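So the structure is just underneath, and the comments pick up after that.
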Amino acid sequence: MSRAYRDNALADAEPRVSDARTGVAVFKDDFQTIKVFAERDNTNIVHWSRFERGGHYAALEVPELVVDDIRAFFARS
């Protein structure tokens, strides 16, 4: 995985803004200042969640929260 981060850092490609329908989940023990980057890189954020538990590996740590949040995202029209 670290090689992918290195390769991306060395690439000279311009970042692209996504217009896709997007959901963001922020977990207690993970990157808390994501909002500025999420809004910079995505123009169609329709779902935003904050959780008092979980971290970078939330799908392993609190899978019930992740599943409920994914369901809530797709339930939105």
Q) Of the residues Asp12, Asp69, which single one is in contact (Cβ under 8 Å) with a residue 24 or more places away in the chain and at negative phi? A) Asp69
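Would you check which residues across the range 15-32 are among the aliphatic types (A, V, I, L, M) and either in contact (Cβ under 8 Å) with a residue 40 or more places away in the chain or outside any loop (DSSP other than H, G, I, E, B) (or both) and list them?
Residues satisfying the conditions are Val24, Ala25, Val26.
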Q) Can you pull out the residues in the range 33-63 that are assigned to a strand (DSSP E or B), among the aliphatic types (A, V, I, L, M) and within 12 Å of the chain's Cα centre (by Cα)? A) Ile45
Q: Kindly list the number of the only condition in (1) among the aromatic types (Phe, Trp, Tyr); (2) without any contact (Cβ under 8 Å) to a residue 24 or more places away in the chain; (3) under 30 Å from Glu14 (Cβ atoms) that fails for Phe74.
A: (3)
Q | Whichever residue in the range 19-48 is surrounded by 13 or more Cβ atoms within 10 Å (Cβ to Cβ) and polar (S, T, N, Q) and, among such residues, is nearest to Glu64 (Cα to Cα) | A | Thr22
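Only the coordinates and a few stated rules stand behind these numbers; no lab work does. Treat the numbers as computed from the prediction; the structure is a model and nothing was measured. Virtual Cβ from ideal backbone geometry, glycine too; neighbours counted across all protein chains shown.
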